[in-house]
1. Just to check, using Stokes-Einstein with a Kirkwood Rh over alpha carbon pairs, what's the diffusion coefficient of segment 468-606 at 20 °C and 1.002 mPa s in µm²/s?
2. Over all Cα pairs of segment 342-458, how is the pair count split among 10 Å bins, expressed in % and running from 0 up to the last occupied bin?
3. Please state the relative contact order of the chain as a whole percent: Cα pairs under 8 Å, 6+ residues apart?
4. Please turn the phi angles of segment 121-131 into ³J(HN,Hα) values with the Karplus equation 6.51 cos²θ - 1.76 cosθ + 1.60 (θ = phi - 60°), one per residue in order, whole Hz, x for glycine and proline.
5. From the phi angles alone, apply the Karplus equation (6.51, -1.76, 1.60; θ = phi - 60°) to segment 271-278 and give each ³J(HN,Hα) in whole Hz, x where the residue is Gly or Pro.
6. Using the Karplus curve 6.51 cos²θ - 1.76 cosθ + 1.60 with θ = phi - 60°, what ³J(HN,Hα) values do you get for each residue of segment 576-586, in whole Hz, with x for Gly and Pro?
7. Counting helices only, and only those DSSP H runs with n ≥ 4, report the 222 nm mean residue ellipticity of the chain as the sum of -39,500 (n - 2.57) divided by its residues, in deg cm²/dmol to the nearest 500.
8. So for segment 263-345, what are the equivalent ellipsoid semi-axes in whole Å, largest first, each being the square root of 5 times an eigenvalue of the Cα gyration tensor?
Amino acid sequence: MKLFCLFCMAISLPLAHISVWAQEGGADPVETKSEDPVDERRSVRRLGDVIGEGTEEFSMGIPQLEMPASAVARQPEVTLPDQVMDDRLQNILARRAFVPDNPEIEQELVDLLDDVEVQALQALEDDDIELAARLAGVITTFDEQRPVVARINEVRDRRAEIQRLLGQAEQALGAGNLVQPADASAWVLFEQVLAIDAENQRAQDGLESVSVGLFARVDELLEQSSFEAAAELLDVLGQRGLDETEIAARRDLIASGQEDQQRALINAVRVAIDDGQFEQAEENINELIGLGAQSEQIANLRSSLDDAIEYGGFEPGQLFQDGLGNGELYGPVMVVVPSGSFMMGAPDDEDDRMDREGPRFRVNFERGFGLARTEVTVAQFRAFVDATGYQTDAERNGSSRIYVTASGRVGDQEGIDWRQNYLGQPAEDSLPVLHVSWNDASAYAQWLAQQTGRPYRLPSEAEFEYALRAGTQSRYWWGDDRPDDPTENVTGDGDRFTDQRTWTGGFRRYSDGFWGPAPVGSLQANSFGLYDMGGNVMEWVRDCWHDSYVRAPVDGSHWVNPGCDRRVIRGASWTSSPAMSRSAYRLASSDDTADARVGFRVARDL
């Protein structure tokens with residue numbers, strides 16, 4: 001019993017201050033104080049010596065006792081990476097083993113965990129997740145409710161999620177899955193990383209790589225002329241906020257490429273029609289529709305294809321006439337003008353040449369076109385007015401210019417419109433319609449197009465001169481001097497007015513038999529089968545006025561500028577002098593001008 005009580009006394013003392021007796025006889029106890037954790041561990045061992053075999057210096061000479069396992073509390077086997085802090089931990093754990101629930105020891109453990117928490121937070125700040133997680137594991141062993149544990153676990157899990165997403169994103173990038181599939185593309189995965197960590201450099205670099213790859217893919221599609229796919233991809237890039245300047249530049253390339261492709265397809269349609277390959281022409285038209293070609297272009301091409309199928313293909317010089325839709329009236333008789341080329345304008349050495357007639361240049365017509373065989377007549381224009389109620393500029397302005405018999409000159413006269421002739425008297429149906437402006441002529445052509453479903457229009461200036469010359473390059477279409485016989489209705493010294501008035505300065509020794517406009521087709525046709533191209537009345541064409549041919553179209557198309565109000569007049573009239581009857585002669589007037597010397601004819605695409 002005495003031995004047992006001695007053991008109880010020994011273990012009830014703090015391990016840092018274990019007292020033993022040096023000898024028997026009840027001498028005063030000698031206090032042994034530990035100076036460091038190592039000494040404290042030695043103190044524990046000395047306790048074992050006290051209850052050992054009695055052979056050591058401080059032995060009580062008592063027999064060894066077996067200690068029951070339950071007498072020592074099992075402690076977690078944990079370590080800290082910091083040696084000093086780990087020594088503290090192991091010391092505390094050793095003492096806890098023998099003295100469980102000791103307030104002082106437990107407080108030491110709490111203080112140590114506070115220090116470990118500080119170290120863990122510093123590791124988080126230093127972005128050393130591995131160290132922070134290790135320290136959190138030690139803290140969890142003793143106090144898993146500490147907020148720092150949840151915080152570290154959250155950061156660790158977030159880091160793991162970021163690494164997982166980055167791995168998948170970079171794998172998708174390497175496989176070329178930039179924006180597809182929608183839920184697992186490189187773009188989406190990198191954005192998910194940035195949603196977790198907005199400053200993640202790998203994700204930012206990855207998105208930049210995706211952006212570069214997407215623009216490169218757009219460029220590949222452009223090279224392959226896959227404009228629709230390129231446009232769709234640019235829409236995706238725009239939705240994702242990529243460089244607007246780069247997107248706009250590529251949209252311009254798409255627009256330019258589509259225009260080039262459309263032009264090529266339009267030419268392909270025409271070639272196919274000319275070659276009788278109507279199925280190929282239809283396929284090309286469908287491709288144009290897919291490219292977003294203008295509806296007017298599509299309608300014109302389909303009309304040409306329909307014509308080719310209906311007529312079996314036009315032939316140069318062929319005459320045709322389109323119905324106006326009511327089964328009774330027909331449009332003007334048209335002549336197929338052949339394709340070809342010519343030198344437009346006057347040569348530098350041509351007599352009476354004007355600067356506005358040059359510089360001379362070559363125009364190429366890859367396709368033929370239709371041109372009215374004669375000028376539009378009064379009867380034909382009446383059908384238009386009766387059908388539409390159209391009011392001409394002369395009617396709205398209240399006047400036009402007529403030949404004044406008293407003076408022998410052309411001057412303004414009130415109350416004159418298309419219903420009158422050059423003298424202001426009622427006009428015969430077979431005469432060319434007079435007192436019509438460019439606006440009026442254009443309105444008539446548009447009405448024809450609507451009624452027939454065919455592409456009627458005013459001819460371009462190049463088309464008019466090409467058809468007027470009809471393969472010649474001489475001063476006039478008939479040669480370089482006066483006509484030998486009645487050829488065109490121009491001024492001749494043999495012409496007489498009713499009061500015996502004659503022309504001064506007209507063609508010498510020439511008379512065509514008319515003073516004033518003649519019924520259309522009264523004289524000779526040129527080699528293209530066209531009448532009155534170089535006489536009778538001057539004619540409106542589609543082009544805006546330009547002072548020269550610098551930068552004029554070389555393909556025969558019309559030359560217009562937005563908002564222009566001066567138009568070109570070509571050909572000669574019944575009042576034209578030899579200089580004004582030349583094939584190269586041209587002049588301009590405002591688009592609402594009406595005059596007894598000006599009429600028009602229409603053209604039509606084939």
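1. 135 µm²/s
2. 12, 31, 26, 26, 6, 0
3. RCO, the chain: 10 percent.
4. The phi angles translate into 5, 5, 5, 4, 4, 7, 6, 9, 5, 4, 5 Hz.
5. Values per residue, Gly and Pro as x: 4, 4, 5, 4, 7, x, 8, 6 Hz.
6. Each residue's phi maps through the Karplus curve to give 7, 6, x, 5, 7, 8, 4, 5, 8, 5, 8 Hz.
7. Working: 16 runs with 255 residues, N = 606.
Using -39500 (n - 2.57) per qualifying helix, the result is -14000 deg cm²/dmol.
8. On the way: eigenvalues 109, 71, 36 Å².
They are 23, 19, 13 Å, listed largest first.
The values are calculated or read from the model by the stated rules, or taken from the named source; none is laboratory data. Here the structure is a predicted model, which is why all the values come from computation and not from measurement. All Cβ positions, even for glycine, are placed from backbone atoms using ideal geometry, and neighbour counts span all protein chains on display. Only protein heavy atoms, including side chains, enter the accessible area calculation; ligands, DNA and RNA are left aside. Shrake-Rupley method; radii C 1.70, N 1.55, O 1.52, S 1.80 Å.
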